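*Asks:* Can you keep this structure in mind? I'll have questions shortly.
The values are calculated or read from the model by the stated rules, or taken from the named source; none is laboratory data. If you're wondering where the values come from, they're calculated on a predicted model, not measured in any experiment. Cβ: placed from backbone, ideal geometry, glycine included. Neighbour counts: every protein chain shown.
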Amino acid sequence: MSLVTATKLAKTYRAGDIDIPAIKGIDFAIEPSSFVAFVGPSGSGKSTLLNMVGCLDHPTSGTLKVLDTDIATLDRSAAARFRGDNIGFVFQDFNLIPVLTVFENVEYPLRMVQRWPADKRRAQVLRLLEAVGMADQADKRPDQISGGQKQRVAVARALVSQPKLVLADEPTANLDHDTAYHVLELMKKMRDEFGTTFVFSTHDPKIMGEAEMTFTLEDGRLENGAHHA
Ligand code: ADP
Ligand code: MG
């Protein structure tokens, strides 16, 4: 069973009287434990697509199944629960909470979504901080660490509640090339270690080589199906 399956998936935004077709009927499948990129220029539909896979937005037509759930059937609260149970997010601008320490940022989803006992929670946070090489920075605040380190913390936070799927919309757009490369290597290592599926987007052709499979978006359509590395 594929982890994500899209069939004739389409999304059209409505702005006043104008329809803006952002995703124009695409088919794809993403297998468990894969490391996949959606690549394309700005405006090609990457964020629209990732938002639907992340159950943040509904398709206009077609179907999108994530973990065998047709996401169109989820109302707001069911979608929030589904995300909390199954999906982690990594953002372009890191989205760490500035007043919390590195440790507290990674702990945050466990406090919000699942009621883990304090000792188990602490052990899980430390495990993830060690996995991303940030255990020795646990007491720092986001403004005391570099961009690359922030994204490592964000990867730990995305993984802390053990989701099946991590979505990262342009996770390297605010990083220099070497740092971007290291963050993607880290994500791949996390995939190897935890079996988590990673789906990221990028407009940077230099970065897309890091993916094991790329889907190229052009004006809301997929070009030539999937490319395997
Ligand atoms: P990308 O992430 O690849 O830059 P987007 O998914 O953000 O592309 O955008 C795809 C298209 O949809 C663009 O034409 C964009 O202007 C349009 N679009 C994105 N979000 C909205 C929205 N909320 N309302 C109207 N149009 C939107
Ligand atoms: Mg985008």
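*Asks:* Looking at Arg122, Arg127, Arg191, Arg157, which is the one that is over 30 Å from Gly220 (Cβ atoms), part of a helix (DSSP H, G or I) and within 14 Å of the chain's Cα centre (by Cα)? Walk me through how you get there before you give the answer.
*Replies:* Working: Arg122 fails: within 14 Å of the chain's Cα centre (by Cα); Arg127 fails: within 14 Å of the chain's Cα centre (by Cα); Arg191 fails: over 30 Å from Gly220 (Cβ atoms).
Answer to the selection: Arg157.
*Asks:* Continuing with this model, one more query. Would you check if there is a residue in segment 90-109 being free of Cβ contacts under 8 Å to residues at least 24 places away in the same chain and loosely packed, with under 15 Cβ neighbours inside 10 Å? Please lay out each step first, then the result.
*Replies:* Narrowing segment 90-109 to residues free of Cβ contacts under 8 Å to residues at least 24 places away in the same chain: 104.
Going one step further and asking which of them are loosely packed, with under 15 Cβ neighbours inside 10 Å, we end up with none.
No, segment 90-109 contains no residue that is free of Cβ contacts under 8 Å to residues at least 24 places away in the same chain and loosely packed, with under 15 Cβ neighbours inside 10 Å.
*Asks:* Report yes if some residue within segment 37-55 is at pLDDT 95 or above, closer than 15 Å to Thr214 by Cα, away from ligand 1 (no atom under 16 Å from the Cβ) and in a loop (DSSP other than H, G, I, E, B); otherwise report no.
*Replies:* For segment 37-55, residues at pLDDT 95 or above, closer than 15 Å to Thr214 by Cα, away from ligand 1 (no atom under 16 Å from the Cβ) and in a loop (DSSP other than H, G, I, E, B): absent.
*Asks:* Among residues belonging to segment 195-210 that are away from ligand 1 (no atom under 16 Å from the Cβ) and either in contact (Cβ under 8 Å) with a residue 60 or more places away in the chain or in contact with a His (Cβ under 8 Å, 6 or more places away or on another chain) (or both), point out the one that is nearest to Ser42 (Cα to Cα). Walk me through it before giving the result.
*Replies:* Residues of segment 195-210 that are away from ligand 1 (no atom under 16 Å from the Cβ), as a first pass: 195-198, 206, 209-210.
Narrowing further to those that are either in contact (Cβ under 8 Å) with a residue 60 or more places away in the chain or in contact with a His (Cβ under 8 Å, 6 or more places away or on another chain) (or both): 195-198, 206, 210.
Values: Gly195: 30, Thr196: 27, Thr197: 24, Phe198: 21, Lys206: 15, Glu210: 19 Å.
This residue is Lys206.
Conditions tested, residue by residue: (1) out of contact with any Gly (no Cβ under 9 Å at 6 or more places or on another chain); (2) more than 25 Å from Lys65 (Cα to Cα); (3) among the hydroxyl-bearing types (Ser, Thr, Tyr); (4) buried (at least 18 other Cβ atoms within 10 Å of the Cβ).
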site	(1), (2), (3), (4)
Gln124	yes, yes, no, yes
Leu129	yes, yes, no, yes
Arg152	no, yes, no, yes
Asn224	yes, no, no, no
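Let's see how each residue does on (1) among the aromatic types (Phe, Trp, Tyr); (2) in a strand (DSSP E or B); (3) closer than 14 Å to Leu167 by Cα; (4) touching a helix residue (DSSP H, G or I) at 6+ places or on another chain (Cβ under 8 Å):
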| site | (1), (2), (3), (4) |
| --- | --- |
| Leu64 | no, yes, no, yes |
| Ala79 | no, no, no, yes |
| Arg83 | no, no, yes, no |
| Gly88 | no, yes, yes, yes |
| Phe94 | yes, no, yes, yes |
| Val99 | no, no, no, no |
| Phe103 | yes, no, no, yes |
| Glu107 | no, no, no, yes |
| Leu110 | no, no, no, yes |
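*Asks:* Collect the residues in segment 12-55 that are more than 12 Å from ligand 2 (Cβ to nearest atom), charged (D, E, K, R) and touching a Gly at 6+ places or on another chain (Cβ under 8 Å), keeping them in residue-number order.
*Replies:* Once the filter is applied, which keeps residues that are more than 12 Å from ligand 2 (Cβ to nearest atom), charged (D, E, K, R) and touching a Gly at 6+ places or on another chain (Cβ under 8 Å), segment 12-55 yields only Lys24.
*Asks:* Give segment 94-109 a look and list any residue that's hydrophobic (A, V, I, L, M, F, W, C) and within 19 Å of the chain's Cα centre (by Cα), or say none. Give the derivation first.
*Replies:* Let us first name the residues in segment 94-109 that are hydrophobic (A, V, I, L, M, F, W, C), namely 94, 96-97, 99-100, 102-103, 106.
Of everything in segment 94-109, those that are hydrophobic (A, V, I, L, M, F, W, C) and within 19 Å of the chain's Cα centre (by Cα) turn out to be Phe94, Leu96, Ile97, Val106.
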